[in-house]
Amino acid sequence: MKVFITGGSGYLGRPTIQALIRHGIEVTALARSEHSARTVSDLGATPVAGSLSDTDILRRAAGEADGVIHLGVEYTEDTAGIDRAAAEALQDGAGSRPYVHTGGAWVYGDTDGTGDENTPMNPPPVTAWRLENEKRVLARAETGGRPVVVMPGLVYGRHGGLSQAYFVEPGRAAGAVPSIGDGSNHWAIVHVDDIAELYVLALNAPAGSVYIGAGGQNPLLADIVQALSRAAGVPGKIEPLTLEEAVRRMGPIAEAFALDQQLSGDRARGELGWVPTRLDALTDIAQGT
């Protein structure tokens, strides 16, 4: 089997390429720069020069593969439009072959207990653009396509991810890790290696399926920031911020970090046999592993 992947040189893409290759799958990967091409090549994938805006390249590369995983995203003034056009081109190329699209668990908003794929969506503004795009992607199941949407929780591990960028690195620089509110909200989190395995399994999912990629742990932010402070080298040093202060410092993404989310990945476990292996999230976060 050969899979074409976008975003392969990124934080989530690198372990996904490694997971695909472990499963004996040949990988071609979109690469928008020489650096990206070297990165995916070093991982064992064959680079395909182009960007998410190069829809002809996307369509052709998808058509030459047995399946597609779309991880890439370009954060611009038209992020939604670029993603929508890229997804359409990739699905045109994939035809009736598997197409796995990346969503995001933040679209569920506050969950009021443990939510699942049937939980009503109430996204913060920063991620609301995903709703229409995912609706369009899944609609292809009605016309012979094989779309599947994976909704990762907040991804951590391997010294990367949003928590590294918005909490660990600023905390290391300032001597204290920021925390939003009183810390009583939960994060639905997943290790980057575990979510990579879910993407591989999703290639075999039924058309129109949606899977939340949450690793079964929904720790309190108060506990997470303690772990993040150890990762930053400033153990126990926490700087409380109001949501308004956090938005001024971090931008609109602070509203997503402030969500109270507890999410279940049971559907992926039951239907695809997904078995997350990183089950001590706070230790992993503290150690950056």
For this session: Equivalent ellipsoid semi-axes for the stretch 67-118, as square roots of 5 times the alpha carbon gyration tensor eigenvalues: give them largest first, rounded to whole Å.
Result: 25, 17, 8
For this session: With springs connecting C-alpha atoms under 10 Å apart, model the chain as a Gaussian network and identify which of T28, T46, T143 has the largest mean-square fluctuation.
Result: T143
Problem set entry | the stretch 211-285: C-alpha gyration tensor shape, a/c 1.5 cut-off, then a/b vs b/c | oblate
Exercise. Taking Cα pairs under 8 Å and at least six residues apart, what relative contact order does the chain come out at, in percent?
Worked result: 18
Problem set entry | Ratio Rg/Rh, restricted to the stretch 133-207 and using Cα atoms, in which Rh is the Kirkwood radius | 1.15
For this session: Using only the Cα atoms, work out Rg/Rh for the stretch 158-245, with Rh taken as the Kirkwood radius, to two decimals.
Result: 1.09
Exercise. By counting other Cβ atoms within 10 Å of each Cβ, how are E169, E132, E255, E239 ranked from fewest to most?
Worked result: E132, E169, E239, E255
Problem set entry | Formal net charge of residues neighbouring A188 (Cβ-Cβ distance under 12 Å; K, R +1; D, E -1) | -3
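Compute the normalised compactness of the stretch 107-173: alpha-carbon radius of gyration over 2.2 N^0.38 Å, N being the residue count.
Relative to the 2.2 N^0.38 Å estimate, the stretch 107-173 comes out at 1.45.
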Exercise. Semi-axes, largest first, in whole Å: what does sqrt of 5 times each Cα gyration tensor eigenvalue give for the stretch 22-70?
Worked result: 17, 16, 7
Seminar exercise, completed: Put in order of increasing Cβ neighbours within 10 Å, starting from the fewest, T111, T6 give T111, T6
For this session: For the chain, give the share of DSSP beta bridges that are antiparallel, in percent and rounded to the nearest 5; count only bridges with both residues there.
Result: 10
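How large is the convex hull of the C-alpha atoms of the chain per residue, in Å³? Before the final figure, lay out the partial values.
On the way: hull volume 34.7 nm³, N = 289.
Normalising the Cα hull of the chain by residue number yields 120 Å³.
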Exercise. Taking a ≥ b ≥ c as the square roots of the eigenvalues of the Cα gyration tensor of the stretch 164-206, is the shape rounded (a/c under 1.5), prolate (a/b larger than b/c) or oblate?
Worked result: oblate
Problem set entry | Residue-averaged 222 nm ellipticity for the chain, from DSSP H runs of 4+ at -39500 (n - 2.57), nearest 500 | -11000 deg cm²/dmol
Problem set entry | Under 11 Å, Cβ to Cβ, from N122 - net charge with Lys/Arg +1 and Asp/Glu -1 | -2
Exercise. Per-residue HN-Hα couplings for the stretch 34-49, Karplus 6.51 cos²θ - 1.76 cosθ + 1.60 at θ = phi - 60°, whole Hz, x for Gly and Pro?
Worked result: 5, 4, 4, 4, 5, 4, 6, 5, 5, 7, x, 9, 9, x, 10, 5
Problem set entry | Ranked K2, K237, criterion: other C-beta atoms within 10 Å, fewest first | K2, K237
Seminar exercise, completed: Expressed in angstrom and ordered largest first, the alpha-carbon extents of the stretch 142-289 along the principal axes are 53, 29, 22
Seminar exercise, completed: What the Cα atoms of the stretch 195-243 span along the principal axes, largest first and in whole Å, is 47, 24, 15
For this session: Work out how far the C-alpha atoms of the stretch 24-172 reach from end to end along every principal axis, then list the three figures in whole Å, largest first.
Result: 44, 44, 35
Problem set entry | Rounded to the nearest 20 debye, dipole of the chain from Cβ charges on Lys, Arg, Asp, Glu | 620
Exercise. Taking the Cα centre of the stretch 201-287 as the origin and placing charges on Cβ (Lys, Arg +1; Asp, Glu -1), which of Q262, S209, T277 is farthest toward the positive end of the dipole?
Worked result: T277
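Values in this text are rule-based calculations from the coordinates and carry no lab data. Nothing here was measured: the structure is a model prediction, and the numbers come from that model. Every residue, glycine as well, gets a Cβ built from its backbone with ideal geometry; the counts of neighbours run over all protein chains shown.
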